[in-house]
Amino acid sequence: MKKINGIGVSNRIRKKSEKNIVRGWRALLLAMALLCVPLPRETAAITLGKGERVSVALVTPVRNNTELRVWGSKYYPGDVLSEKMSNYLMRRLRETPRVHVGSVTGQNPDYWAMEAYSRNDLIISVNLEQFEYTKRDTVGSREHCALTLHIYVYDSSKRLIYDTVVRERDDRYYALYNDLMERDPVYWENFEKSLCWPALRHAMDEALDDVFASYNGYRVVGRIVARAERVDGSLSVPAKKMDKIYHIDLGREDSVRVGDILAVTRASSVRTVAPETPEMHFPQIVGRVRVIFVKGRDAVAEVVKESGDAPIQLGDALSMPLYGVRGSKSDF
C-alpha cells in the first residue's frame with residue numbers, strides 16, 4: 001500500500017471521514033439548540049374572534065422616578081401622584097369594551113400574582129421618567145411643562161414584548177400672575193389646576209393609544225358578508241345607494257355602534273430579499289364604511305370611501321380597534 005509521509009492513504013481517508021462525521025453531528029446539535037431558544041415575539045395587532053374577551057393587567061402603583069412630589073393636602077403629607085396616575089389609567093382601561101381589567105403589584109415580574117391568563121392577555125407597566133417645569137414672569141406668567149413616560153408591555157408569560165417612550169410638553173400664558181406650581185409643597189388641588197396634570201393625562205392617553213389602537217393593539221376583525229336589499233322600503237335610503245350598503249358580521253355584542261367608521265381591508269403579500277422572511281403579508285385599506293344600523297351580532301353599513309381601482313366587495317375584512325375613536329385616518 002502506498003504511503004504518504006509514513007501514513008497509509010486509506011488510513012488518512014478514514015480519519016478524514018471520521019472528522020467530517022463529528023463536524024456533521026456538531027452542526028446538527030447546534031441547529032437543534034438554536035431551535036430550542038425562544039425567539040422574541042414580534043409586536044403585532046392581536047385579533048379577537050367574535051365574542052372573545054381578554055384581560056389586561058396594570059402594574060400598580062405607576063412608578064414615579066422623578067423628583068416631583070405632590071401632596072394630597074396639608075393634612076395628608078404624602079406623595080399621591082403615583083396613586084392618581086394609576087387611578088386614571090385604570091379608569092381609561094375600564095372604558096375599553098371586551099377587556100377585563102385587573103392589576104398586579106410590584107415592579108418585578110417574578111412576584112406578579114397572575115391569574116389564568118390567555119395567550120392574548122397583556123400586562124402594562126408605566127413609569128414617569130422625566131418631569132420639567134419652568135415659569136417666566138413678565139406681564140403675567142408663561143409656563144412650560146415637559147414630561148416623559150416609559151411604557152412596558154408584557155405577555156401572559158411575563159415576557160417583555162414591547163416598550164416605547166411617550167413625550168409630552170405644554171406651554172401656557174396666563175395674563176395674571178400664577179404661582180400654583182411654585183408653592184412648596186405642591187398640593188394635589190393646585191397640581192390638578194395647573195398645565196402639568198392635563199399634559200400628564202394626555203401622555204397617558206397617548207400611551208394607551210399606542211398599546212391598544214396602533215399596530216400593537218387589540219383589533220376586532222369581521223367581514224362584509226352580503227349586499228343589503230330593499231324589502232318593502234324598509235331601508236330608508238334611495239335606491240341608487242343600494243349598491244353601497246352591506247351587511248357585516250359584527251354587531252352590538254362586538255361593541256359596534258351606529259356611526260362607527262370601520263376600515264375595509266384586503267390581504268396583500270410581497271416577496272422580500274430577506275431569507276428569514278421570504279414573504280410578508282399585510283392588509284391594505286381599500287375603503288371605509290359607516291355603521292347605520294346595529295343588531296346584536298350583525299349590522300348594516302354604508303360605503304363612505306372606496307378605491308376606484310379596487311372597490312369594496314363581498315368577503316373583504318373589517319378592522320376595528322377596541323380602544324379610541326373609530327373613524328380616524330390612522331385606523332388599520
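Would it be correct to say that V139 is in the same structural domain as W188 (by TED's automatic domain parsing) and under 25 Å from V165 (Cβ atoms)? Break it down into steps so the answer makes sense when it comes.
On the way: in the same structural domain as W188 (by TED's automatic domain parsing): yes; under 25 Å from V165 (Cβ atoms): no.
When the stated conditions are applied, V139 does not pass them.
What pairs come out if I take residues in the range 244-267 that are assigned by TED's automatic domain parsing to the domain that holds A317 and on the phi > 0 side of the Ramachandran plot and pair them with residues that are in a strand (DSSP E or B) and not hydrophobic (A, V, I, L, M, F, W, C) whose C-beta lies under 9 Å away, six or more apart or interchain?
Close Cβ pairs (under 9 Å, with a partner that is in a strand (DSSP E or B) and not hydrophobic (A, V, I, L, M, F, W, C)) amount to G259/R290.
May I ask you to verify whether R169 is assigned to a strand (DSSP E or B), closer than 18 Å to L195 by Cα and at pLDDT 85 or above?
Details: assigned to a strand (DSSP E or B): yes; closer than 18 Å to L195 by Cα: yes; at pLDDT 85 or above: yes.
For R169, the condition - assigned to a strand (DSSP E or B), closer than 18 Å to L195 by Cα and at pLDDT 85 or above - is met.
Out of R94, R201, I need the residue that is within 26 Å of Y75 (Cα to Cα) and either modelled with pLDDT of 90 or more or in contact with a strand residue (DSSP E or B) (Cβ under 6 Å, 6 or more places away or on another chain) (or both). Which one?
Details: R94 fails: within 26 Å of Y75 (Cα to Cα).
The match here is R201.
Show the residue pairs meeting these rules: Cβ distance below 6 Å; 6+ apart or different chains; first residue within the range 50-69 and over 27 Å from W188 (Cβ atoms); second residue charged (D, E, K, R) and not in a strand (DSSP E or B).
What qualifies is R53/R98; V54/D121; S55/D121.
In this structure, is I123 in contact with a Pro (Cβ under 9 Å, 6 or more places away or on another chain), part of a strand (DSSP E or B) and over 18 Å from T60 (Cβ atoms)? Talk me through it step by step, then tell me what you get.
On the way: in contact with a Pro (Cβ under 9 Å, 6 or more places away or on another chain): yes; part of a strand (DSSP E or B): yes; over 18 Å from T60 (Cβ atoms): no.
No, not satisfied.
The values are calculated or read from the model by the stated rules, or taken from the named source; none is laboratory data. None of these values were measured; they are calculated from a predicted model. When we count neighbours, we look across all protein chains shown, and the Cβ atoms used for this are built from the backbone with ideal geometry, even at glycine.
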